[in-house]
Every structure is written in structure tokens, then in C-alpha cells.
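The values are calculated or read from the model by the stated rules, or taken from the named source; none is laboratory data. Since this is a predicted model, take the numbers as computed values, not measurements. Using ideal geometry, Cβ is built from the backbone for each residue, glycine included, and neighbour counts are taken over all protein chains shown. Protein only, heavy atoms only, side chains kept; ligands, DNA and RNA dropped before computing areas. Shrake-Rupley method; radii C 1.70, N 1.55, O 1.52, S 1.80 Å.
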Amino acid sequence: MGGDAYTFNLFGLTFNITNMISGLVVCVIVFFLLFGLSRHIQMKPKGGQNVIEWLIDFTNGIVRGQMNREVGARFSYFIFILFVFIFVANQLGLILQVGWNGHELVKSPTADPVITLTFSLMVIVLSHFAGLVNNGIKGYFAEFVSPSALMLPINLIEEVSNFLTLGLRIFGNIYAGELLLGLLGQMAFSHGWPTIIASLPVEMIWQGFSVFIGSIQAYVFVTLTTVYISRKVSGD
Amino acid sequence: MGAIAAGIAAACAALATGYGNGLVISHTVDSMARQPQIAGQLRTTMFIGVGLIEGVPILAIVVAFLVMNK
């Protein structure tokens, strides 16, 4: 809860162990969550199956709102797992923060700009690849100069700015949330009992707000992903 | 000097996000009053709009935190 990340250098590149451990924790949580909810599938769902069916319906609705059925069928699994992963990754820093020896071990992986820009780059490259596969090479390059060749620099700048804002939006929200949690914790333990009592409701309100913000940011990321993919694939 | 810079950045971020969110949400409320049957879709679009608008002012807050102690 303070302190910096564990990093080590290998072949001249810096590796961040904190992000690796946090990402691994998110993967384990997502796996056990989905595995546990999807046992005993029946025709009439009850209990956990309802939750997972509601989730899949939710993300399928996002995809169906942007693309038609046969294009959407290729991407609905990806959008579902992307939404669940980013949602759990955003909430992890509110539930569990582990530090050891002055370094952070577990926090939200999405509080690091490298992780969120990686997600955003993966999504943008996927949209370009889907456009290339669907429209062919000529169609893909023709889209950059449609409706006129003057739009070429605007389209290129739009790609770069989509990539940057998609990644940095989540980073800004989650990092500011965690930073403020840390500051409130420091304020709580600074002067003994009065500040602990005073900052307890403030910290609870801020954690509730951060849960809300994390969910909204995951939803916005997934919606913008489907918008970008559908624009490349069908061009409108 | 870092504290002054952080204060200016945070104030500009608060103004920008308040004004932008206010425009989106007030137009959403107007549209919901006109057509109550699509209130659900309007609410969804409002949340997407608020999420998009708050993206860059949050970066201003992050900048404020970074320069706060310099």
C-alpha cells in the first residue's frame, strides 16, 4: 500500500514483477469465478448459471448493438472475456493490496499505463487485422483515403489518438482511485484515533465510488472496442 | 510551486469534467422527458458519454498528483 513495484533487469529490459503477480492473481480469480459458476448446466438455469448467462447476454447485447449477427458471432467470446478480465482487474486493487518489504506485490494491474496501453494496442491491432481479413488489402488501404485523399492524415491521427485515449482512460481512472485510497489511508493513521474515525466513512464512500468507476470504465472499454472493430469491418 | 501547479491542474480538470458531464446529462434528461420509453437506451448512452468525457480530465488529475510534491 505504498512503496514501488518490484522490478528486475534482464537483458537490458526492465521487468515488473508486481504487474506479473497482480495479473496472475486476476487470471486465477477470473478462472475460478467462471469455472465455479458454470458447473451443473441445466435447461432451467438456477443459481450460478443465471449469473453467467446474464453476463454473456450483457456482452452479447453490446456486440449486437454494433455489428450484425455473423460478424458479431466471431467476436462475442472475445468481448465477453475482455469485459470480465478488465472488470476484475479494475476491482482487484480495492479488495486486495499486498506489500512486502517496502515493495508492492499485488495491486490493480490496470493501474499501470503499460498494461492498459497493451490492452488498447491489442484491440486496435485486432480491429486492423479484422478489417484486413474482411475487406482484402485493397479495401483496407482504400478506407484510409475514403472519401478523399485529404482525409489520410486525419485518419492516421485518429488511429493514434484512439489507441492512446483507450488505454490512458482506464489508467487515469484506476491510478487516481488507488492513489487517493493510499492518501486517505495515510491521513487515517496520521494522528491516531480521531483521524481514523473521521476518515472511515470517507474511505468507504471513495471505495464505493471506485467500484462504480471501475465497472463503467470496463464497460466503456468494451463498447469502444466493438465500435472500432465494427467500423473497420463494415466501414460505417 | 508543485502545490500551486497541482491546484491549477486539478481545478481545470474539475471545471472541464463538470461542464462536459453537465451538458451530456442535461440533454439526456431532456430527451428522457420527451420519450420516456427509450429511457433505458438513453441512460446507457449517457454512461458511455460520461466515461469518455472523464477520460482526459482524469489524466489532468494524475498529472496533479505527480507534481504535487515537487
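Before moving on, here are some points about what is shown:
- Note on segment A:196-221: among residues that are hydrophobic (A, V, I, L, M, F, W, C) and buried (at least 22 other Cβ atoms within 10 Å of the Cβ), the one that is nearest to the other protein chains (Cβ to nearest Cβ) is A:V220.
- Among the candidates A:F85, A:F80, A:F75, residue that is within 26 Å of A:F163 (Cα to Cα), in contact with a Cys (Cβ under 9 Å, 6 or more places away or on another chain) and in contact (Cβ under 8 Å) with a residue 24 or more places away in the chain: A:F85
- Of all residues in segment A:94-121, those being over 17 Å from the mean Cα position of the chain (by Cα) and over 18 Å from A:S215 (Cα atoms) number 9.
- Filtering A:I229, A:I170 for residues that are buried (at least 23 other Cβ atoms within 10 Å of the Cβ), over 17 Å from B:T45 (Cα atoms) and at the interface with chain B (Cβ under 10 Å from one of its Cβ atoms) leaves a single hit, A:I170.
- When segment B:8-45 is limited to residues that are free of Cβ contacts under 8 Å to residues at least 24 places away in the same chain and open to solvent by less than 30 Å² (accessible area, probe 1.4 Å), the one that is farthest from the other protein chains (Cβ to nearest Cβ) turns out to be B:A39.
- Candidates in segment B:46-60 are the residues that are open to solvent by 50 Å² or more (accessible area, probe 1.4 Å) and among the β-branched types (V, I, T); of these, the one that is farthest from the other protein chains (Cβ to nearest Cβ) is B:I53.
- Residue within segment A:61-83 that is within 30 Å of A:L184 (Cα to Cα) and not small (G, A, S) present: yes
- Meets criteria (more than 11 Å from chain B (Cβ to nearest Cβ), touching a Phe, Trp or Tyr at 6+ places or on another chain (Cβ under 7 Å), under 21 Å from A:V114 (Cα atoms) and surrounded by 12 or more Cβ atoms within 10 Å (Cβ to Cβ)) for A:N155: no
- Selection status of A:F209, without any contact (Cβ under 8 Å) to a residue 60 or more places away in the chain, assigned to a helix (DSSP H, G or I), under 25 Å from A:L55 (Cα atoms) and of a type in the set (F, W, Y): yes
- Total residues in segment A:173-195 satisfying the condition of being at the interface with chain B (Cβ under 9 Å from one of its Cβ atoms) and within 13 Å of the chain's Cα centre (by Cα): the figure is 2.
- Of the criteria (1) over 23 Å from A:T18 (Cβ atoms); (2) open to solvent by 40 Å² or more (accessible area, probe 1.4 Å); (3) in a helix (DSSP H, G or I); (4) out of contact with any helix residue (DSSP H, G or I) (no Cβ under 8 Å at 6 or more places or on another chain), which one A:G136 fails: (2)
- In segment A:180-203, the residues that are under 22 Å from B:V63 (Cβ atoms) reach residues that are hydroxyl-bearing (S, T, Y) with C-beta atoms within less than 7 angstrom, at least six apart or across chains, in these pairs: A:L184/A:S199; A:M187/A:T195; A:M187/A:S199.
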